[in-house]
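Working notes for the structure below.
Each value in this text was obtained by applying a stated rule to the coordinates, not by laboratory testing. All values derive from a computational prediction rather than experimental measurement. Ideal geometry is used to build each Cβ from the backbone, glycine not excepted, and the neighbour counts take in all protein chains shown.
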Amino acid sequence: MCPPDFFGVRYVINPWMEGNVDRASQANAQRQWQTLHDRLAKLARIEIVPPDPNQPDMVFTANAGLALNGRVLLSRFRHDERQPECGLYRKWFEDAHLEVLTMPDELPFEGAGDALWDEARACVWAGYGLRTDLEAHAEIESAFGFAVHSLRLCDKRFYHLDTCFCPLPQGFVMYYPAAFDARSLRCIEERVPPDKRIPVGDLDARRFACNATCLADTVALNHATEALQARLRSAGFRVATIPVDEFMLAGGAVKCLTLRLDETAPTNRQSAPANADDRQRVVELSGHLLDAGSLNRALDVTLEAGGSFRVLEFELGMEKQSCSRAKIKVIAPDAGVLENVLQRLLPLGAEVRNGKDAEARTVAVSQDGVAPDDFYSTTIYPTQVHLGGRWWPVSRQRMDAVVVIDRAGPEPRAECRLLRELRRGDEVVVGHDGVRTRSRAEDRTSDGNDFEFMGAGVSSERRVELAVERIAWEMRRIRDRGGRIVVVAGPVVVHTGGGPHLARLIRQGYVSALLGGNAVAVHDMEEAVMGTSLGVDLKRGVPVVGGHHHHLRVINAVRRAGGIAKAVEQEIVTSGIMYECVRRDVPFSLAGSIRDDGPLPDTEMDLLRAQAEYARLVDGADMILMLSSMLHSIGVGNMTPAGVHLVCVDINPAVVTKLADRGSLESDGIVTDVGLFLNRLGQHLQDDEAEQPIASNETAGYL
Ligand code: NAD
């Protein structure tokens, strides 16, 4: 312990200190510290570290280092204010004949504030995220040779692990769950059985009950509610509440005021440290890292996912057109988080580097339809795998697939396959080594031109007009060069009066394939045959008596005819979306769902077959118009590679955001009524066409 002769709140480096500068009472501090000292002296021998007039926080000796088995790993404080304490503590430890180890590379590490020895499990629990760097955890592991479990601190008030977590004898752990992220809580729960967990509530946590020290069977702490005291007693502990609230003004309590020097780890119960390689990787990013913002995004993604990073090298491209390059070490608390971080970095163009280009790793499938653990799951971006010293492109690119390597030919071939397509013996790429993707994000230009809305934006009403004009322009170009536009449509297209406009796009040759469900076809043909949609007269916008049966009558009629094409042939259906598809030989695929009435004979109720048919029709698309069907649009989005311009139109911004936000520049979201959208699109496209526009009173619908 270090006497509080020079204790005071002199600066602010944690939320507790805010508003308390120069407000701590020396007299109270002296009295409380002496009481604590005298009580603990009955249970332990106490060594005194001389205080320093310039170091008001030196009283918090817990932060000096982590001492175990006669060695101490010296702290390196994150804040400059406490940095000079390191030299003072080092001298004291050396004089006390403790072997002093130090952190390499200037890594922030705040001693037994953030690294707590758990005797029962022979492991160290270590905090990160606020003071100690995650990278330091591997150093703790190699200094002492015990497993370190990394816990991420998420509440700035609980800035050191010892403010919210306390391993106790007999395997008990007292902790404040709200201070941790979900993964860290899982990490605790996986290692500490329920009967050994002592979670504390807000009140105890705020009075630093977890900042306790346990000597023999006595838990000494600043405060504990009756309930917590009872819980500790039932676990077999005595409870000594020793108020040290004067020190709380600086954010410390009982544990902070002490450093255990006597902790020993039995050598025969050593918990093997995990392989640090499972938790870190070097990745390389190149391209327009600063102007396109991809470096920022990569670092943000790493931190958000619960990892940490160190930039090892950075070469800045000095000209507007020149590329930058960064080498970044990514550190994660466990292999699962590392996997997650890499998964999110690869679409940003990151390449995993282990020395030179790593070879992609593969594992053979041992059960049909089941991938090996740790399989690499694909994104929408063009991907390459590194095999035999060369990079090979992956074909059939799509999201949420696995990469299968076929070595039957003279050169290896890599292809995306769905889980269900896997067969025993297939060679599947696992992990992220030797895999790279290219996102278009770095091609971004920041010219600020009026096409900016095409940049994965979600257009508001004000911008809809501009967006529609631009989409019409692009559609005309695609059609004229023989490209492919695929339309995904839900029944709302018909309900909102958009049917005739979509039918006209088909007639004018804009649509290469139509994807939807049972409903869009049913309601389209209901309109064609009965003039209603869901029983509502579309011309007058009023319900028709008995109209709610209309769609069933139409389904029945089409079933009798033997399908949509036959119904057109037999002139049962003489206009509308499906009619134009049949007449123009535009292929369509209707995927079934559990809510389908009928269904129509054309609706594919085998969903695997429906997915395969969708994928076939999507293949080679230049543009996909997704019109008010969340279900079918998301399904199509998942099977579409980057590079295809997706236009998603929906009245619900959340649906639009979900579809437009694929991290891809080629998707646009337009929040508007789909009937209105099709109407405007039709008007823009009519300019070039011989046909007259559809009279607006003909298709008013109900909007
Ligand atoms: P969905 O919920 O997947 O999508 C409907 C979307 O339309 C929603 O995202 C919604 O926000 C949007 N929307 C609503 N009003 C809008 C407007 N005015 N303008 C623009 N967007 C608007 O539902 P879905 O695709 O209609 O149907 C899901 C499945 O259920 C499909 O397979 C469909 O065929 C089936 N279904 C069958 C029947 C039937 O057989 N009678 C009826 C309805 C749906």
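Please figure out what share of the DSSP beta bridges in the chain is antiparallel and state it in percent, rounded to the nearest 5. Could you put the intermediate results ahead of the total?
Numbers: 62 of 106 bridges.
Around 60 percent antiparallel, to the nearest 5.
What full-extension length gain, to one decimal in nm, is calculated for Y11 and D245 as 0.36 nm per residue of separation minus the Cα-Cα distance? Walk me through the numbers on the way to the answer.
Numbers: separation 234, 0.36 × 234 = 84.24 nm, distance 1.80 nm.
Taking Y11 through D245 to full extension adds about 82.4 nm, to one decimal.
Between the residues I188, A29, G113, the greatest Cα displacement towards the positive end of the dipole of the chain, with unit charges on the Cβ of Lys, Arg, Asp and Glu, is found for I188.
Stretch Q170-Q683 to full length: gain in nm at 0.36 nm per residue minus the Cα-Cα span?
Gain on extension, Q170 to Q683, equals 177.0 nm.
Under 28 Å of direct C-alpha separation, and excluding same-chain neighbours fewer than eight residues apart, K327 reaches these lysines: K356. Lys and Arg at +1, Asp and Glu at -1: add these up for the other residues within a Cβ distance under 15 Å of Y376 and post the number. Once positives and negatives cancel, what remains is -3. The mean sequence distance of close C-alpha pairs (under 8 Å, at least 6 residues apart), as a share of the length of the chain, puts its relative contact order at 9 percent. In this simple spin-label model, placing a label point 7 Å from the Cα along the Cα-to-Cβ direction at both W473 and V370 gives a separation of 5.4 nm.
Within the range 7-29, find all residues whose amide N lies under 16 Å from a label point positioned 7 Å from the Cα of D52 along Cα-to-beta-carbon. The answer is 7-8, 10-11.
Quick one: net charge of A591's neighbours, Cβ under 10 Å, K/R +1, D/E -1?
Numbers: positive: R609; negative: D596, E604, D606, E613.
Around A591, the surrounding residues sum to -3.
Across the options L151, M399, C2, the greatest Cα extent toward the positive end of the charge dipole of the chain (unit charges at beta carbon of Lys, Arg, Asp, Glu) belongs to L151.
With only Lys, Arg, Asp and Glu charged, each at its Cβ (+1 for the first two, -1 for the last two), find how big the charge dipole of the chain is about the Cα centre; round to the nearest 20 debye. Provide the component values of the computation, followed by the final result.
Details: 79 positive and 98 negative charges, 188 e Å.
Taking the Cα centre of the chain as origin, the dipole is about 900 debye.
Computed from point charges on the beta carbon alone (+1 for Lys and Arg, -1 for Asp and Glu), the dipole magnitude for the range 30-84 about its Cα centre is near 260 Debye. Using the Cβ of P601 as centre and a radius below 14 Å, the other residues enclosed give a net charge of -3, where K and R count +1 and D and E count -1. Remark: spin-label model distance S395-R197 equals 5.0 nm, labels positioned 7 Å along the Cα→Cβ axis. The listed peptides 69-79, 604-614, ordered by packing as a protection proxy, come out as 69-79, 604-614 (highest mean of other Cβ atoms within 10 Å first).
For the range 49-82 versus the range 597-643, the inter-centroid distance based on Cα atoms is 62 Å.
Quick check on the chain: take the gyration tensor over C-alpha atoms, sort the square-rooted eigenvalues as a ≥ b ≥ c, and tell me if it's rounded (a/c under 1.5), prolate or oblate. Before the final figure, lay out the partial values.
On the way: a/c = 2.60, a/b = 2.26, b/c = 1.15.
Note, shape of the chain comes out prolate.
When DSSP beta bridges are restricted to pairs lying wholly in the range 516-643, around 50% turn out antiparallel. The alpha carbon gyration tensor of the range 45-155 gives principal lengths a ≥ b ≥ c with a/c of 1.5 or higher and a/b no greater than b/c, which makes the shape oblate. Note on C154, C164, C86: ascending count of other Cβ atoms within 10 Å places them as C154, C86, C164, the fewest first.
Taking Cα pairs under 8 Å and at least six residues apart, what relative contact order does the range 278-384 come out at, in percent?
32
Is the shape of the range 8-72 best called rounded, prolate or oblate, per the rule: a/c under 1.5 gives rounded, else a/b larger than b/c gives prolate, else oblate, with a ≥ b ≥ c the square roots of the Cα gyration tensor eigenvalues?
Working: a/c = 2.31, a/b = 1.40, b/c = 1.65.
Note, shape of the range 8-72 comes out oblate.
Each Lys and Arg Cβ is given +1 and each Asp and Glu Cβ -1; about its Cα centre, the range 123-219 then shows a dipole of about 260 debye.
The listed peptides 511-521, 583-593, 19-29, 414-424, ordered by packing as a protection proxy, come out as 511-521, 583-593, 414-424, 19-29 (highest mean of other Cβ atoms within 10 Å first). Toward the positive end of the charge dipole of the range 38-104, with +1 on the Cβ of Lys and Arg and -1 on the Cβ of Asp and Glu, the farthest Cα among P84, A67, L101 is that of A67. For R559, project a label point 7 Å along Cα to C-beta. Then give me every residue of the range 492-531 with its amide nitrogen under 17 Å of that point. Inside the label zone: 518-523, 525-526.
Under the combined filter of DSSP loop state and at most 13 neighbouring Cβ atoms within 10 Å, the range 1-86 retains these GluC sites (Glu not before Pro): E18, E47. Among D622, D650, a tally of other beta-carbon atoms within 10 Å of each Cβ gives an order, fewest to most, of D622, D650. Fully extending the segment from T657 to D181 would add 168.7 nm, taking 0.36 nm per residue of separation and subtracting the current Cα-Cα distance. Can you give me the Cα centroid spacing of the range 331-392 and the range 89-123 in angstrom? Measuring centre to centre over Cα atoms gives 36 Å. Here the label points at L631 and K91, each 7 Å from Cα along the C-beta direction, are separated by 7.6 nm in the simple model.
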